[in-house]
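Below is one structure, written out as structure tokens; the observations come after it.
The values are calculated or read from the model by the stated rules, or taken from the named source; none is laboratory data. Here the structure is a predicted model, which is why all the values come from computation and not from measurement. Neighbour counts are summed over all protein chains in view; Cβ atoms, including those assigned to glycine, are modelled from backbone coordinates with ideal geometry. In case anyone asks, the SASA skips ligands and DNA or RNA and just uses the protein heavy atoms, side chains included. Shrake-Rupley method; radii C 1.70, N 1.55, O 1.52, S 1.80 Å.
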Amino acid sequence: MPFPSSPRTLAGPRRRSLLVSAAGAALLAGCSSGADDSGTTGGSASAAEHARARAASDSETLVRHYDTVLAAYPALAPRLDPLRAEVVRHTTAFGGTRSTPSATASASPSPTPSAPAAAATEGDALAGLAAAERALADRRAKALLDLPGELARLLASVAAAGAVHAYLLTEGAK
């Protein structure tokens, strides 16, 4: 006798599925700084250096976006601090210099020029962060096709993490 189907219809992938997929992608891709691109094909050294610098800059901009939201809505810190810490790790993995320890301790009340202004509500702020994470993850997924092996694996891993961040930021909005 077959089991009856669940009365609850899932609207999308479950959180556990996304997290397992992201963890699997990270294990397959490896999340290292990737200084050794010796066994790779495709892409020139200058193109790889440019892509690495662009990825670090994009991550720094995303950290500033988190800082802006956290400065405007400190109550979101328990939810956003772990995600922000991961974006800081991504910045350093790409060779960036963003090393502030905590958004709540270091965020300034005025946004930096490349960070957007704080949204009118917490929900709008979370939606804006999710959109920024999603857009950056999509750009990185497209860019990795032209990069050498280790850098492409790093970019793929960080893009997967960004997609999970976007999901986690919108998870409670439904």
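Conditions (1) in a loop (DSSP other than H, G, I, E, B); (2) buried (at least 18 other Cβ atoms within 10 Å of the Cβ); (3) modelled with pLDDT of 95 or more; (4) in contact with a Ser or Thr (Cβ under 8 Å, 6 or more places away or on another chain), marked per residue:
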| site | (1), (2), (3), (4) |
| --- | --- |
| Pro101 | yes, no, no, no |
| Leu129 | no, yes, yes, no |
| Ala159 | no, yes, yes, no |
| His165 | no, yes, yes, no |
| Glu171 | no, no, no, no |
Selection status of Ala35, aliphatic (A, V, I, L, M), at pLDDT below 95 and not in a helix (DSSP H, G or I): yes
Which residue pairs have Cβ atoms closer than 8 Å, lie 6 or more positions apart in sequence or on different chains, and pair a first residue in the stretch 132-150 that is closer than 18 Å to Glu49 by Cα with a second residue that is open to solvent by less than 20 Å² (accessible area, probe 1.4 Å) and outside any helix (DSSP H, G or I)? Glu150/Gly34
Hey, among Pro116, Pro78, Pro82, which residue is assigned to a loop (DSSP other than H, G, I, E, B) and either modelled with pLDDT of 95 or more or open to solvent by 20 Å² or more (accessible area, probe 1.4 Å) (or both)? Pro116
